[in-house]
Amino acid sequence: MSDHIDVTAGRAHPVRQNHAPSTLGARATGATGALNRRLLRRLASQFHRPRGPLGVVAGRIMARRGSNVERNLWLVDLLELEPDHRVLELGPGPGVALAATAERVTTGGLVAVDHSATMLRQTASRNRGLLRDGRLTLIEGRAESLPDDLGRFDRIYAMNVWQFWSDQEAVIASLAGLLAPGGRLVIGYQPRHRAATAADGDAARRCLRDHFTDAGLVDLVDRVFELAPPVNYVIGSRP
Ligand SMILES: C[S@@+](CC[C@H](N)C(=O)[O-])C[C@H]1O[C@@H](n2cnc3c(N)ncnc32)[C@H](O)[C@@H]1O
């Protein structure tokens with residue numbers, strides 16, 4: 001994943017960096033090593049906006065990698081879903097969390113927004129039944145400019161997406177505005193860049209908490225799940 005959190009004076013300021021997230025390129029040497037590193041850099045950039053054949057590969061990695069699946073299932077647990085909830089996901093990627101959410105939201109509705117048509121196709125194919133039953137709406141668009149007519153949601157969540165938002169504070173404020181009273185926002189983040197540490201996740205949580213507070217969310221709770229590196233979640237509710 002190509003993201004990094006830089007903690008400077010006062011608040012934590014997330015910045016984006018490009019890192020090849022694997023040891024494959026690092027181990028190989030000479031021409032093969034250089035080729036691997038170039039390929040890995042191109043693959044890493046796909047996690048921001050998957051497209052084309054490499055985007056399809058990135059989606060398959062997200063759907064099959066054990067840690068990726070686990071962190072999404074943990075997030076769904078934190079939502080404490082009810083069968084009739086209306087739920088919004090930002091950046092579903094291949095749609096793993098959405099499928100788990102739908103198992104619990106049996107009469108309510110789901111909406112997912114992603115700026116990657118490639119990812120929306122994978123989400124659609126993983127959740128065909130939901131689309132057929134009219135319980136899932138997929139929207140190709142940016143978190144920074146959501147449609148005006150989305151309505152209110154009981155739960156809103158995003159897993160490893162917020163680091164890509166161009167104005168994180170503004171997006172979180174707009175998501176808080178879409179919550180029904182008592183509704184819950186959960187944002188998860190696992191730093192994936194090379195040499196990522198638990199400290200990167202801690203900085204992200206502090207930054208998220210600041211934005212949640214500024215957005216008027218209350219009853220903030222942090223959760224950390226011990227993967228390597230740890231996965232961080234911040235939960236907040238609309239009063
Ligand atoms: C790293 S993937 C995470 C996918 C999934 N949440 C998971 O954890 O498996 C990031 C996803 O967010 C989408 N995305 C990134 N920035 C976005 C933005 N500004 N607006 C909408 N979608 C975005 C990407 O297209 C991609 O599907």
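Data overview
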quantity: Choice from GLY91, GLY183, GLY66 with maximal GNM fluctuation in the chain (Cα, 10 Å cutoff); calculated: GLY66
quantity: Restricting the range 49-124 to GluC sites (Glu not before Pro) in coil, as DSSP defines it, with at most 16 other Cβ within 10 Å; calculated: GLU80
quantity: Where a label projected 7 Å from the Cα of ARG135 along Cα→Cβ would reach, residues of the range 69-104 with amide N under 11 Å; calculated: 83-85, 99-104
quantity: Cα centre as origin, Lys/Arg/Asp/Glu Cβ charges: the chain dipole, Debye; calculated: 1220 debye
quantity: Charge dipole of the chain about the Cα centre (unit charges at C-beta), most positive-ward option of MET62, PRO239, VAL218; calculated: MET62
quantity: Amide proton proximity set for GLY109, modelled H, under 5 Å, gap of 5+; calculated: ARG86, VAL87
quantity: Potential lengthening between ALA124 and ASP148 on full extension [0.36 nm per residue; Cα-Cα distance subtracted]; calculated: 6.4 nm
quantity: Dipole moment magnitude, nearest 20 debye, the range 99-139 about Cα centre, only Lys, Arg, Asp, Glu C-beta charged; calculated: 100 debye
quantity: Relative contact order [Cα under 8 Å, 6+ residues apart], the chain, whole percent; calculated: 19 percent
quantity: Of PRO181, PRO50, PRO229, the one that fluctuates the most in a GNM where the chain has Cα springs shorter than 10 Å; calculated: PRO181
quantity: Over the range 28-156, relative contact order from alpha-carbon pairs under 8 Å, at least 6 apart, %; calculated: 24 percent
quantity: Given charges at Cβ of Lys, Arg, Asp, Glu: the range 64-237 dipole, positive-most of LEU98, ALA180, CYS207; calculated: LEU98
quantity: The chain: most fluctuating residue of ALA97, ALA44, ALA198 per GNM, C-alpha cutoff 10 Å; calculated: ALA198
quantity: Cα centroid separation - the range 43-60 against the range 68-142, whole Å; calculated: 19 Å
quantity: Relative contact order computed over the range 69-136 (Cα-Cα under 8 Å; 6+ residues apart), in percent; calculated: 34 percent
quantity: Net charge of neighbours whose Cβ lies under 9 Å from the Cβ of VAL234, counting Lys and Arg as +1 and Asp and Glu as -1; calculated: +2
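Any read-out appearing in this document is the output of simple, stated calculations on the displayed coordinates, not a laboratory observation. Since this is a predicted model, take the numbers as computed values, not measurements. Cβ atoms come from the backbone with ideal geometry, glycine included; neighbour counts cover every protein chain shown.
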